[in-house]
Amino acid sequence: MAKVFNPYLPSYEYIPDGEPHVFDGRVYIYGSHDKFNGKYFCMNDYISYSAPVDDLSNWRYEGVIWRKKDDMRYTPLLLKQLYAPDVVKGKDGRYYLYYFKGSQGVIGVAVCDTPAGKYEYYGHVKYPDGTVLGRNHEKDFHQFDPGVFRDDDGKIYLYTGFAPKGPNPFTRFRPVNSNGAMGCELEDDMLTVKLPLAHIAKSQHHSSGTGYEGHEFFEASSMRKFNGKYYFIYSSVLGHELCYAIGDSPLGEFKYGGTLVSIGDVGISSKPLNYLGNTHGSVECINGKYYVFYHRQTNRHCHSRQACAEEIALNPDGTFTQAEVTSCGLNGGPLEAKGTYEARIACHLFSKDGVKFYTAKTPAGNHPYFTQTGEDREENGDQYIANFCDGATCGFKYFNFDSNKSITVSVRGKANGEMIVKDSLDGNVVSTIKIDVDSQDYQDFTSELNIKDGKQALYFTYNGTGKLDFGFIKF
């Protein structure tokens, strides 16, 4: 198997909200599709990637599977964005794509004979009386990011909900459901909900004494079943973490379980080690191992997010151990300390003043960030770390070292100083690389490396004047 790292898709791909599903020996990723440097979330049409279950380094582009204009109710003014989707295999053997029309507050459905072919419009999720769910109903709540789930008995369930801390930003639609996430079984037509709707996970409005406190449901509903237990996976009110709750039935009571992953390693570290923002994803069992899929933030705002994944441990008692974010992700172990790696695979990135929580565009100041040159595109990725100035740090976990004696960094810009390299966040200095650059082309700087063999992290901190674009690490 070839090596794979985070983000696991090409650097020009911005696919957040990834829902992983295994169909016929391949794992498919269904997510939103951000535009690089976009002004809003989810501006592009849906695409998909897939990989063999026994080779998670071999991701194949499946092409565009659904376009905004394919929706029968499409108008340019009302459907600018396609929010987080999900896919389920129906009883009829066809594949059903559930998508959220962000500007209209309703859930659309498209259908296809294959997991990642061209989906065709099918309808909108509705009540038994034909009223579209989320619109024109006296007891409706605002819908959001649908999750769909097929149980072992063939029954199919829909999950949705949106419960922010403050007022509902979608005030032109229905109010948020203060009870938290909702769930229901779907009729065989895959469109009609069976009533009543069930309350699945607690929001901040009703969490006191429930165990959800501090990690209440916010958005990003997803359901999974492992070893006879149901796992409701969601993004909490903290935004930067995926959490889970456990139940004995798909619509039954769910008790808070814990955190699956935080994009800043909050919970593993006492302070965030990466720039924060929202995340969304799920867990899938692939070839006998469990993986959590999530997304990271780039480009100093929350509108250019990228897909990442980590192996995660399911414990004998049914709980998950929080996964740490890494550079090696789906690789099955540390990356070999051989050859050249792009600096963009850093799993930790922060300034001397720490990190920020990305919403809209954040001024650079002294904060480093992942970015690329040019416009949004589907080829020729060149992502790098920009604004790597005094006190900036990036971390890579993990490499496997074998008698390595030197290390090289490729940087460009105008700067004079040194790169301090450590074998952990607060570990030993294993190299000091002198930097003196004044060029718009990448320049190599090399120094002796004194590091133990085996699995180690690498952390790079720049001390000096000016600022760098950090492009590559070479062993």
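The values are calculated or read from the model by the stated rules, or taken from the named source; none is laboratory data. Predicted model only: the values in this text are computed from it and were never measured. Cβ: placed from backbone, ideal geometry, glycine included. Neighbour counts: every protein chain shown.
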Quick one: Glu311 ticks every box in (1) touching a residue at least 12 places away in the same chain (Cβ under 8 Å); (2) farther than 30 Å from Gly228 by Cβ except a single one, so which number is it? (2)
Could you tell me which residue of the stretch 240-266 is farthest from Cys285 (Cα to Cα), considering only residues that are small (Gly, Ala, Ser) and either surrounded by 24 or more Cβ atoms within 10 Å (Cβ to Cβ) or at pLDDT 95 or above (or both)? Gly264
Taking the stretch 1-33, which residues are assigned by TED's automatic domain parsing to the domain that holds Gln297 and either at pLDDT below 95 or touching a Cys at 6+ places or on another chain (Cβ under 6 Å) (or both)? Ser32
Residues satisfying the stated conditions in the stretch 46-86, i.e. at pLDDT 95 or above, touching a helix residue (DSSP H, G or I) at 6+ places or on another chain (Cβ under 8 Å) and either under 21 Å from Thr114 (Cα atoms) or crowded, with 20+ Cβ neighbours inside 10 Å (or both): Leu56
Would you be able to say whether some residue in the stretch 354-370 is surrounded by 15 or more Cβ atoms within 10 Å (Cβ to Cβ), part of a loop (DSSP other than H, G, I, E, B) and among the aliphatic types (A, V, I, L, M)? yes
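Return yes when Gly374 is at positive phi, assigned to a loop (DSSP other than H, G, I, E, B) and over 24 Å from the mean Cα position of the chain (by Cα) and no when it is not.
On the way: at positive phi: yes; assigned to a loop (DSSP other than H, G, I, E, B): yes; over 24 Å from the mean Cα position of the chain (by Cα): no.
When the stated conditions are applied, Gly374 does not pass them.
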Would you be able to say whether some residue in the stretch 203-217 is in contact (Cβ under 8 Å) with a residue 40 or more places away in the chain and under 23 Å from Ser327 (Cα atoms)? no
Assess whether Val411 counts as being crowded, with 21+ Cβ neighbours inside 10 Å, in contact with an Asp or Glu (Cβ under 7 Å, 6 or more places away or on another chain) and modelled with pLDDT of 95 or more. yes
Kindly establish whether Asp436 is within 14 Å of Tyr341 (Cα to Cα) and among the charged types (D, E, K, R). no
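Can you say whether Ser406 is polar (S, T, N, Q) and farther than 30 Å from Ala323 by Cβ, as far as the supplied structure shows? Steps first, please.
Numbers: polar (S, T, N, Q): yes; farther than 30 Å from Ala323 by Cβ: yes.
Judged against the criteria, Ser406 is a match.
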What number goes with the only condition from (1) closer than 22 Å to Gly281 by Cβ; (2) assigned to a strand (DSSP E or B) that Ile15 does not pass? (2)
Please enumerate the residues belonging to the stretch 224-277 that are touching a residue at least 24 places away in the same chain (Cβ under 8 Å), of a type in the set (Gly, Ala, Ser) and on the phi > 0 side of the Ramachandran plot. Gly239, Gly258, Gly267, Gly277
Please determine, by comparing only the residues of the stretch 328-353 that are surrounded by fewer than 21 Cβ atoms within 10 Å (Cβ to Cβ) and over 20 Å from Arg412 (Cα atoms), which one is farthest from the chain's Cα centre (by Cα). Lys338
Number of the condition not met by Ile345 [criteria: (1) on the phi > 0 side of the Ramachandran plot; (2) in the same structural domain as Asn380 (by TED's automatic domain parsing); (3) not acidic (Asp, Glu)]: (1)
Quick one: count up the residues across the stretch 372-396 that are farther than 15 Å from Val411 by Cβ and either among the charged types (D, E, K, R) or crowded, with 19+ Cβ neighbours inside 10 Å (or both). 8
Is at least one residue of the stretch 301-323 in a loop (DSSP other than H, G, I, E, B), among the β-branched types (Val, Ile, Thr) and not assigned by TED's automatic domain parsing to the domain that holds Tyr442? yes
Within the stretch 83-113, tally of residues that are in contact with a Phe, Trp or Tyr (Cβ under 7 Å, 6 or more places away or on another chain), in a loop (DSSP other than H, G, I, E, B) and within 27 Å of Arg60 (Cα to Cα): 4
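Can you tell me how many residues in the stretch 406-420 are out of contact with any Leu (no Cβ under 6 Å at 6 or more places or on another chain) and of a type outside the set (Asp, Glu)? Quick ask: steps written out before the conclusion?
Filtering the stretch 406-420 for residues out of contact with any Leu (no Cβ under 6 Å at 6 or more places or on another chain) gives 408-410, 412, 414, 416-420.
If we keep only those that are of a type outside the set (Asp, Glu) too, we end up with 408-410, 412, 414, 416-417, 419-420.
Total meeting the criteria: 9.
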Residue check, Tyr40 modelled with pLDDT of 95 or more and either crowded, with 16+ Cβ neighbours inside 10 Å or under 19 Å from Arg296 (Cβ atoms) (or both): no
If Ala337 satisfies all but one of (1) in contact with a Leu (Cβ under 9 Å, 6 or more places away or on another chain); (2) more than 22 Å from Lys422 (Cβ to Cβ), what's the number of the condition it fails? (2)
Of the residues in the stretch 425-446, those that are farther than 20 Å from Tyr398 by Cα, among the hydroxyl-bearing types (Ser, Thr, Tyr) and surrounded by 12 or more Cβ atoms within 10 Å (Cβ to Cβ) number 2
